Amino acid sequence: MNCNFRLADYQVVSDKDIYKVFGKQLLWGEEFNGEEYYLPMGSEESLHINIFRGNEYLDVSVFGDLRAYEDFDEIGEWFNKCCNSFNIEQAYCQVTDSGGFGKNFECQNLVSSELFTVNISFRLDCSPEYQYIKGELVQKCPFSEKMKVHIWENLDDSCMASTVVIMFGDFDLDEGIEFDMKVKKWFNSSLEKFHVRQAFCQINYANDSSKIYKDKVTFQNFE
C-alpha cells in the first residue's frame, strides 16, 4: 500500500490527533496492546506511518506490505475515515494485492483552493543511494525547487520497501499547463530508472479537476 495525505490544519492538529484517527504502527517483534488503536494490520505487522511537519505544511505518509491481508473494503473505509476527520488539501491511496490487482482511493472533499496542488509518492526497492535518488529523481522533477521533499530510507530494515520518497507543493494556476506537460514525462522516466514497488503523482486544479499518473509496475510476490 502507498498512501499520502496533505492536511490543511497544520497549526492545530497534533501527532496525537493523527494517531487517534490513523492508528499507530506495530512493527515485527513489537508487543501488541489491545488497548491501542493500530493502522491496518496483516498477519505480521501493521502499515508504517511517517508525519512530516513544517511552518506551513503537515503531511502524513502511510505505506507498507501486509502479509495475509487482501481486504480492499477495509482499507477504503480507513482511508475515508482519515479524510473525513481532517481538512484535506490532497490525499491518494494505492492498494495492490499479491496477484497484481488493486484499487485506488482519492479524497474528493478538499479544502477550497485557488492553486493547483501536487502530491507525489514513490516506493522504491533495492536500497538506492540517497544521492542517486536526489540526482535522478528529485532534481530532475519539473519545479522540484518549489516542492517539499522527504526521503525515508528504512535504515533499520523495518519495511520490505526500501525507500519512500514524498514530494508535494502548491503552484499558481498559470504554471499548471507547463507543469503537467513536463511532469508526465519525468514520472514515466523515473519509473524506468528505479525498481518501483508503487508510485503515483496526483495533480489537482483549484479543486475543480484532478489528474493522476500511476506506475504500471505489477506487484511482485515475495518470500
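The numbers here are math on the coordinates, done by the rules we state, and not lab data. Note that the structure is a prediction, hence the values are computed from the model and not measured. Note that each Cβ is placed from the backbone with ideal geometry, even for glycine, and that neighbours are counted across all protein chains shown.
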Which pairs in the list Lys16/Lys182; Lys140/Lys211; Lys134/Lys182 are over 27 Å apart, alpha-carbon to alpha-carbon?
Lys16/Lys182
With the dipole of the chain defined by +1 on each Lys or Arg Cβ and -1 on each Asp or Glu Cβ, the option from Cys82, Leu58, Tyr132 whose Cα lies farthest towards the positive pole is Tyr132
Label-point gap, in nm, between Asp15 and Lys214 - each point 7 angstrom along Cα→Cβ
3.3
Any cysteine of the chain lacking a neighbouring Cys Cβ under 4.7 Å - listed by number:
Cys82, Cys126, Cys141, Cys159, Cys201
Stretched fully, the stretch from Lys24 through Ser144 gains (0.36 nm per residue minus C-alpha distance, one decimal, in nm) 40.1 nm
So, in nm, how far is label Asp125 from label Glu178 when the simple model puts each one 7 Å beyond its Cα toward the Cβ?
3.8
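Take the alpha carbon gyration tensor of the range 58-145, find the square roots of its eigenvalues, order them as a ≥ b ≥ c, and report rounded if a/c is under 1.5; if not, report prolate when a/b exceeds b/c, else oblate.
It is oblate, given that a/c is not under 1.5 and a/b is not larger than b/c.
Report, in debye and to the nearest 20, how large the dipole of the range 1-87 comes out about its Cα centre when Lys and Arg carry +1 and Asp and Glu carry -1 on their Cβ. Present the calculation step by step, with values, prior to reporting the outcome.
Numbers: 7 positive and 17 negative charges, 76 e Å.
Result for the range 1-87 is approximately 360 debye, rounded to the nearest 20.
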Roughly how many nanometres apart are two label points built 7 Å out from the Cα toward the Cβ at Asn84 and Glu114?
3.2
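Relative to the Cα centre, what is the charge dipole magnitude of the range 2-214, using +1 at the beta carbon of each Lys and Arg, -1 at the beta carbon of each Asp and Glu, and rounding to the nearest 20 debye? All intermediate terms of the calculation are to be shown ahead of the outcome.
Values: 20 positive and 36 negative charges, 119 e Å.
The dipole magnitude comes to about 560 debye.
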May I ask you to give the average projected area over all directions of the convex hull of the Cα atoms of the chain, in nm² rounded to one decimal?
12.0
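Please arrange Ile120, Ile212, Ile203 by counting, for each residue, the other beta carbons lying within 10 Å of its beta carbon, fewest first. All intermediate terms of the calculation are to be shown ahead of the outcome.
Working: Ile120 27, Ile212 14, Ile203 21.
Least crowded to most crowded, the residues run Ile212, Ile203, Ile120.
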